[in-house]
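Heads up: the structure comes next, in structure tokens.
The values are calculated or read from the model by the stated rules, or taken from the named source; none is laboratory data. All figures in this text were calculated on a predicted structure; none of them were measured in a lab. Reconstructed Cβ throughout: ideal geometry from the backbone, glycine too, with neighbour counts over all protein chains shown.
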Amino acid sequence: MGDRANVGIRTSRGDIVFIYLHWAGESANEIVAKAISHAMVRDGDESYFTRIFISRVIDTDWDKETGVGIAINEIPSGGGYDIPIYDYLTKTVGMYKEVTDRARIHAGEVVDDTKIEYPRDMYLANFGIREGESST
């Protein structure tokens, strides 16, 4: 069955790189917060920031045949949880619902309007590394 989740990063061009995680549903926000935190060392360089973000989200699953998927502007697989999407330009994280209406999907929509939008620092404070946890 899995504990499916999707997370994303919106580029300065407006594209969203979605990452599907088969076993991360309940911990998706913590995973994204840690990925943002690690990527902030290259905050001024979008390509490096994005690479670090994606690498940290995928973590040790790079060599596995299953469990992780990547897609641009489309959700790789249904997750059931809200989808945190980090916006590189605005430095915010929006929490989205997956679009399920076939007509809207056919029109190219993949996520519903933002339910909640967090400034980056607030998101990190809510979901980031907590006291006693390691950042590695």
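Points worth noting:
- Lone qualifier among TYR81, TYR88, TYR96 - being surrounded by 17 or more Cβ atoms within 10 Å (Cβ to Cβ) and modelled with pLDDT of 95 or more: TYR88
- Screening PRO119 with (1) over 14 Å from the mean Cα position of the chain (by Cα); (2) at pLDDT 95 or above; (3) closer than 24 Å to VAL68 by Cα; (4) not hydroxyl-bearing (Ser, Thr, Tyr) gives one miss only, at (3).
- Per the conditions (1) part of a helix (DSSP H, G or I); (2) farther than 20 Å from ARG4 by Cβ, the sole criterion not satisfied by GLY44 is (1).
- Evaluation of THR66 against (1) out of contact with any His (no Cβ under 8 Å at 6 or more places or on another chain); (2) loosely packed, with under 15 Cβ neighbours inside 10 Å (one fails), failing number: (1)
- Test result for ARG130, loosely packed, with under 14 Cβ neighbours inside 10 Å, modelled with pLDDT under 95 and part of a helix (DSSP H, G or I): no
- Note on the stretch 73-108: residues that are within 12 Å of the chain's Cα centre (by Cα) and within 17 Å of GLY14 (Cα to Cα) amount to 12.
- Restricted to the stretch 4-37, and to residues there that are charged (D, E, K, R), under 22 Å from THR66 (Cα atoms) and part of a helix (DSSP H, G or I), the residue that is modelled with the highest pLDDT is GLU30.
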